[in-house]
Amino acid sequence: MSDPIVILTEEPLGADDRVNIETLLAGGDAPLVVLVPASTERHLLVDFLENLSLLEISKAFRELTAHSDPAGERAEAAETLAASLAALAGLGSGVTGEIVEGKAVDGMVARVRELGAGQAVVITRPHAVADTFHTDWATKAQDKLGLPVLHLYAGSGFIGDS
């Protein structure tokens, strides 16, 4: 059996993501561990600028006034985890998952070290500001682990620049 692969995602994984992970496995039998943060802990200013950069003006202002709902965020994380586990079912030597409390990157780094994982993967939607200034999850995890961390954009074959 191969070393585990730890996957951190903020989006429910789907068919395109399954293809990407199958390619990464290359017929191997590595166990997959999917992590979904209970809260993405986004920064209000960064989100506002990101929405503006994508010309999502109404969304930018709507999110400025939105209030955090921990119970709702946790329920959404549980749905994301369930969908992701279903999308990856049957790959490698098994797929497990969990919801990460606290900071997503710290949770990922802890699991990678705990499991002795051979690979770490971050799957997110594009984040213009974070990706441009290398403050995205993949870059942060890579800096903490000292290992390359693959950054894929959800639902596509595109690789982020980490």
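Annotations for the structure displayed:
- The set of residues in the range 135-162 being in a loop (DSSP other than H, G, I, E, B) and at pLDDT 80 or above consists of GLY146, LEU147, PRO148, VAL149, ALA154.
- Of the helices (runs of 4 or more DSSP H) lying entirely inside the range 36-134, not one carries at least 2 residues that are modelled with pLDDT of 65 or more, small (Gly, Ala, Ser) and open to solvent by 80 Å² or more (accessible area, probe 1.4 Å).
- Hits in the range 11-35 (condition: of a type in the set (Gly, Ala, Ser) and surrounded by fewer than 16 Cβ atoms within 10 Å (Cβ to Cβ)): GLY14, ALA15, ALA26, GLY27, GLY28
- Taking the criterion of being buried (at least 16 other Cβ atoms within 10 Å of the Cβ) and of a type in the set (S, T, N, Q), the only residue of the range 1-10 that qualifies is THR9.
- Residue pairs whose Cβ atoms lie under 9 Å apart, separated by 6 or more positions or on different chains, with the first residue in the range 2-31 and without any contact (Cβ under 8 Å) to a residue 24 or more places away in the chain and the second surrounded by fewer than 14 Cβ atoms within 10 Å (Cβ to Cβ), are THR23/GLY157.
The values are calculated or read from the model by the stated rules, or taken from the named source; none is laboratory data. The structure displayed is predicted, hence computed values, not measured ones. For neighbour counting, all protein chains shown are included, and Cβ atoms are generated from backbone atoms with ideal geometry for every residue, glycine included. Surface areas here come from the heavy atoms of the whole protein model, side chains and all, with no ligands, DNA or RNA. Shrake-Rupley method; radii C 1.70, N 1.55, O 1.52, S 1.80 Å.
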